[in-house]
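Engineer: Let me give you the structure first, and then I'll get to my questions.
Just so it is clear, none of the values below were taken in a lab; they were calculated from the coordinates. This one's a predicted model, so the numbers in the text were calculated from it and none came from an experiment. Cβ sites come from the backbone with ideal geometry, for glycine too, and all protein chains shown count toward neighbours.
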Amino acid sequence: MDDVHHDRTTTIPDMHEVATMTCFHNDDALLALLHMLQQSGYHFTTPTPATHARVNQRPGNERAQSLIDVFGWSRVFTPDLLPREMLHSLEAADAIVQDGAYLRSRLRVSTIGKECYLHSAFPTTSADSVFFGPDTYRYRRALDTALKQRATTPARMIDIGCGAGPGAIGAALHYPLAEVWATDINPLALQLTRINARAAGLKNIKICHSNLLNDIDGEFDFIMSNPPYLLDSTQRTYRHGGGELGDGLSRDIVRTGCQRLRPDGELLLYTGSVIVDGKDALLASLPQLFDALHVYWSYTEIDPDVFGEELDEAAYAHADRIAVTLFHATRRQ
């Protein structure tokens, strides 16, 4: 086994050499990896970055001992830990790096029910990282509830800022005859969404690079989005929401999306808002967005306190808290 490991060090890049690398080399290899993990009964729920770091720092968690350690907790591993076919899939996709004397996967795999999702490995420090975490699960639950309550079957749907694709894939699974668009400005997110959709057996998802709805024509029966809503000092795409408090992109989605709804079409926005002096900054800005739009809308605070560590940042020096909120609009006939 030592000979195998030594031989592989000549072909696998060091982890510091892949900082500027974006898309992976082989969709089919990564699809095969997902299928193997599904067949093995793999299951992993991604926690917050703070929880992830704490768990990995516990004594005994320095090195992977299982598939979950490799693909969930992003721990270093020796090549003999993985079945040969999985290791070959990682190599074929250039999704593995050398980390000292060990190897490390460049991807994590998280699950929602029986669905498996490729997304970025921990820690997500790269500008093109593809997010998946607790917000993803809350977003998906809110989306599933909204879709079950629809009185009619939507023909055309879109997920703005699809990330790893859980929104678009959830919608496509719920309505297999609908045309479902998955858009993002991050090419890596689009690639992983494409692979994740194939792993789910879907053929009704259309992948498209688009900033908001700028590159797609027409109206929609259902628009969904879970955009970034924080102020990130390095402006990582998956995390930085822009504006004064991180809600700039959310407001743009509301404004643009409501204009592109068909009659009785719905927009579901799962996002976050900063509470300052007891007032919700995003909620306060919403009425002025609807002066010329004929929509019914509701706004709900789902979780009153998330990402508390962000309050230490200068951008949130006057914030009480950061809340998770759900905006739901329906265009009038």
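Engineer: Considering the options 294, 253, 181, tell which one lies farthest towards the positive end of the dipole of the chain, charges being +1 on Lys and Arg and -1 on Asp and Glu at the Cβ, about the Cα centre.
Structural biologist: Of 294, 253, 181, it is 294.
Engineer: Rounded to whole Å, give me the distance from the Cα center of the stretch 310-329 to that of the stretch 30-61.
Structural biologist: 28
Engineer: Could you grab the relative contact order for the stretch 143-210? Cα pairs under 8 Å, six or more apart, rounded to a whole percent. The partial results should precede the final answer.
Structural biologist: On the way: 121 pairs, mean separation 22.6, N = 68.
Dividing the mean separation by the residue count of the stretch 143-210 yields 33 percent.
Engineer: Right, next: How much mean residue ellipticity at 222 nm does the chain get from its helices, if each DSSP H run of length 4 or more adds -39500 (n - 2.57) and you divide by all residues, to the nearest 500 deg cm²/dmol?
Structural biologist: Taken over the chain, the calculation gives -9000 deg cm²/dmol.
Engineer: Which whole-number percent is the relative contact order of the stretch 134-331 (Cα, under 8 Å, 6+ apart)? Write down the numbers at each step before the final one.
Structural biologist: Numbers: 407 pairs, mean separation 33.6, N = 198.
After rounding, I find 17 percent.
Engineer: I've got another one for you. Under the rule a/c < 1.5 gives rounded, and otherwise a/b versus b/c splits prolate from oblate, where does the stretch 10-120 land using the Cα gyration tensor?
Structural biologist: Verdict is rounded for the stretch 10-120.
Engineer: What is the diffusion coefficient of the stretch 104-263 in µm²/s, taking the Kirkwood radius over Cα pairs and the Stokes-Einstein relation at 4 °C with a viscosity of 1.567 mPa s? The partial results should precede the final answer.
Structural biologist: On the way: Rh = 15.8 Å.
Rounded to a whole number, D works out at 82 µm²/s.
Engineer: Using alpha carbon centroids, what distance separates the stretch 209-267 and the stretch 100-155, in Å?
Structural biologist: Using only Cα atoms, the two centres lie 18 Å from each other.
Engineer: Under 5 Å between amide hydrogens, which residues at least 5 positions from residue 76 or on another chain qualify, with H placed 1.01 Å from N in the peptide plane?
Structural biologist: 64
Engineer: For residue 161, enumerate residues with amide H under 5 Å from its amide H, sequence gap 5+ or separate chain, H modeled in the peptide plane.
Structural biologist: Placed amide hydrogens put 183, 184 under 5 Å from residue 161.
Engineer: Mind ranking 42-51, 317-326, 253-262 by how tightly packed they are, going by the mean number of other C-beta atoms within 10 angstrom, highest first?
Structural biologist: Answer by packing, highest mean first, reads 253-262, 317-326, 42-51.
Engineer: Now a separate question. If you line up the long axis of helix 187-199 against the longest principal axis of the chain, both from Cα atoms, how many degrees apart are they, to the nearest 10?
Structural biologist: Taking the Cα atoms of the chain, the angle to 187-199 is about 80 degrees.
Engineer: Using θ = phi - 60° and the Karplus relation 6.51 cos²θ - 1.76 cosθ + 1.60, list the HN-Hα couplings for the stretch 25-35 in order, rounded to whole Hz, with x at every Gly or Pro.
Structural biologist: Karplus-based 3J(HN,Hα) across the stretch 25-35 equals 7, 8, 4, 5, 5, 6, 4, 4, 4, 4, 4 Hz.
Engineer: DSSP loop (so not H, G, I, E, B), at most 10 other Cβ within 10 Å: list which trypsin sites (Lys or Arg not before Pro) in the stretch 149-242 pass both filters.
Structural biologist: Passing sites in the stretch 149-242 are 203.
Engineer: Sticking with this one: Where both residues lie in the chain, what percent of DSSP beta bridges are antiparallel, nearest 5?
Structural biologist: Bridges in the chain are about 60 percent antiparallel.
Engineer: Percent relative contact order of the stretch 140-179, based on C-alpha pairs within less than 8 angstrom and at least six residues apart? All intermediate terms of the calculation are to be shown ahead of the outcome.
Structural biologist: On the way: 28 pairs, mean separation 20.5, N = 40.
Once divided by the residue count of the stretch 140-179, the mean separation gives 51 percent.
Engineer: Among DSSP bridges having both ends in the stretch 134-331, what percentage is antiparallel? Round to the nearest 5.
Structural biologist: Bridges in the stretch 134-331 that DSSP calls antiparallel: roughly 50 percent.
Engineer: Equivalent ellipsoid semi-axes for the chain, as square roots of 5 times the alpha carbon gyration tensor eigenvalues: give them largest first, rounded to whole Å.
Structural biologist: So the equivalent ellipsoid measures 36, 23, 16 Å along its semi-axes.
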